[in-house]
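The values are calculated or read from the model by the stated rules, or taken from the named source; none is laboratory data. What you see is a predicted model, and the numbers here were worked out from it, not measured in a lab. Because the Cβ atoms are built from the backbone with ideal geometry, glycine has one as well, and the counts that use them run over all protein chains shown. Please note that ligands, DNA and RNA were not included when accessible areas were found on the heavy atoms of the full protein model with its side chains. Shrake-Rupley method; radii C 1.70, N 1.55, O 1.52, S 1.80 Å.
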Amino acid sequence: MSSGNRSEAVDVQKSYEVRTYGCQMNVHDSERLSGLLEDAGYVRAPEGSDGDADVVVFNTCAVRENADNKLYGNLGRLAPMKTRRPGMQIAVGGCLAQKDRDTIVARAPWVDVVFGTHNIGKLPVLLERARVQEEAQVEIAESLEAFPSTLPTRRESAYAAWVSISVGCNNTCTFCIVPALRGKEKDRRTGDILAEIEALVAEGVSEITLLGQNVNAYGSDIGDREAFSKLLRACGMIDGLERVRFTSPHPRDFTDDVIAAMAETPNVMPQLHMPMQSGSDRVLKAMRRSYRQERFLGIIEKVRAAMPDAALSTDIIVGFPGETEEDFEQTMHAVREARFANAFTFQYSKRPGTPAADMEDQIPKEVVQERYMRLSALQEAISWEENKKQVGRTLEVMVAEGEGRKDGATHRLSGRAPDNRLVHFTKPDQDVRPGDVVTVAVTYAAPHHLLAEGVPLGVRRTRSGDAWEKRTAAAPEPAGVMLGIPGVGVPAPLPEAAVPGCGLG
């Protein structure tokens, strides 16, 4: 929408709220949606508005079986509010919108706009059209209209940023509906990616996370199997870029050149989140995962040989249809062998529209729950043992915003180590801002965080801290509404329902 007709779309400055469910891709899309709305003249509603905004946007996820129940429950709560507020608009986008389309308006006729994963750039136009025509606008594109990174953005962090390198996925995992909703993989040009990173660094960003549904398959769209490792090495040449992460890779495409690029590029962090999903070869075959336990553990062994201090994490599904006790024990064995620093474990739930949802031999819920508890207990013990190895180490911690809920009461700050472990540390005497780097000595380890209780060994003020300070002074409004569990890496705590890479990589 051009600036010339902006006043027609927004007569007085109207407020907006974006509610995000799902993976990092949805979080990144929500930054684009916020940027689009602000570019159209809207202002972000204060924190805690709880629907008391002129425009409420739901960016949905279809990964969980009860995703639609959550959506319609929230829409139902907004219905009386909309009745009391003439002119209020509600929009629903994302994967569930792509899947359900007209069903949303049929079940919730007070919704004004429904848009899909391929046309998020149309949101301001669709809102305006719904206002003028006084009827719901449902527009679902079947293929990508414009790469999301070409759209305006309101980033949640001044010091860290997502950078999308591809959208879509070419895999056919039987538990996953995302390829049907996001489409086939489409890669960005390497030059465009690097140009975006350089622009972000110029704005003060010092950490970026390369993002894709299957991030290390980058290059398949352009016919270069080593494109991802080349991209990592190119990131190492960008002056001022201190930390590079990526999520989520697929074991099938995790080649030796990627491991070498990680080990040999100083600003690529010693951290890897790679979904295993199951340790059973039989279950992996039923999932249509193209690797087996030996291949997965072989990759882990190579990564550890190249980067001994790397922290590894994964996604695991418990109770996939047909999983026997022997299959589950194979998963437990793989977890013991891999020694993940962290694992996102999920009880299998049906994803309507996926082959797995129609498979025979669905596992009883009580069996799934019992296995889940055993796996969680094992991983908790391993996480604690791995974290204890960090005690006595000196780490450079990038100060984070909003990661330490008890920081105020404990007079501490929080941040991420290079390997992405969460570190709580004693607040230095001097002023420290999110994005600055503090050197600390680890004194205690818990299963999910480290503690540095002594006086910090050093503080390095950074351009990222300057950027945070400038942004805070210029725009002191609080962050928007985000729902769900922190995922892997910075930029910013993810929604609590967020699953790294949809848990599908």
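Counting only helices (runs of 4 or more DSSP H) that sit completely within segment 27-118, those holding 1 or more residues that are surrounded by 15 or more Cβ atoms within 10 Å (Cβ to Cβ) and among the basic types (K, R) correspond to 67-84, 95-100.
Quickly run through segment 430-461 and pick out the residues that are among the charged types (D, E, K, R), in contact (Cβ under 8 Å) with a residue 24 or more places away in the chain and either open to solvent by less than 20 Å² (accessible area, probe 1.4 Å) or in a loop (DSSP other than H, G, I, E, B) (or both). Within segment 430-461, R433, D436, E453, R461 meet the criteria. For the residues L200, L211, L194, the requirement of being in contact (Cβ under 8 Å) with a residue 24 or more places away in the chain and open to solvent by less than 10 Å² (accessible area, probe 1.4 Å) singles out L211.
The one condition from (1) of a type in the set (A, V, I, L, M, F, W, C); (2) open to solvent by less than 30 Å² (accessible area, probe 1.4 Å); (3) part of a helix (DSSP H, G or I) that W384 does not meet is (2).
Out of the helices (runs of 4 or more DSSP H) lying entirely within segment 275-380, which hold 1 or more residues that are in contact with a Pro (Cβ under 9 Å, 6 or more places away or on another chain)? Those helices (runs of 4 or more DSSP H) span 281-286, 293-306. The residue that is farthest from H118 (Cα to Cα), among those in segment 18-76 that are in contact with a Ser or Thr (Cβ under 6 Å, 6 or more places away or on another chain) and polar (S, T, N, Q), is T20. If I filter segment 411-419 for residues that are in contact with a His (Cβ under 9 Å, 6 or more places away or on another chain), surrounded by fewer than 18 Cβ atoms within 10 Å (Cβ to Cβ) and at pLDDT below 95, do I get at least one hit? Checked against the condition, which is being in contact with a His (Cβ under 9 Å, 6 or more places away or on another chain), surrounded by fewer than 18 Cβ atoms within 10 Å (Cβ to Cβ) and at pLDDT below 95, segment 411-419 yields at least one hit. Only a single item in (1) under 16 Å from A446 (Cβ atoms); (2) in contact with a helix residue (DSSP H, G or I) (Cβ under 6 Å, 6 or more places away or on another chain) is not met by L422, and it is number (2).
Determine whether segment 142-151 contains at least one residue that is outside any helix (DSSP H, G or I), open to solvent by less than 40 Å² (accessible area, probe 1.4 Å), aromatic (F, W, Y) and at pLDDT below 85. Yes, segment 142-151 contains a residue that is outside any helix (DSSP H, G or I), open to solvent by less than 40 Å² (accessible area, probe 1.4 Å), aromatic (F, W, Y) and at pLDDT below 85.
If you check T331, T354, T314 for being open to solvent by less than 60 Å² (accessible area, probe 1.4 Å), closer than 26 Å to A286 by Cα and at pLDDT below 95, only one passes: T354.
Close Cβ contacts (under 6 Å, 6 or more residues apart or on different chains) running from residues in segment 125-143 that are free of Cβ contacts under 8 Å to residues at least 12 places away in the same chain to residues that are crowded, with 16+ Cβ neighbours inside 10 Å and not in a loop (DSSP other than H, G, I, E, B) comprise R129/Q137.
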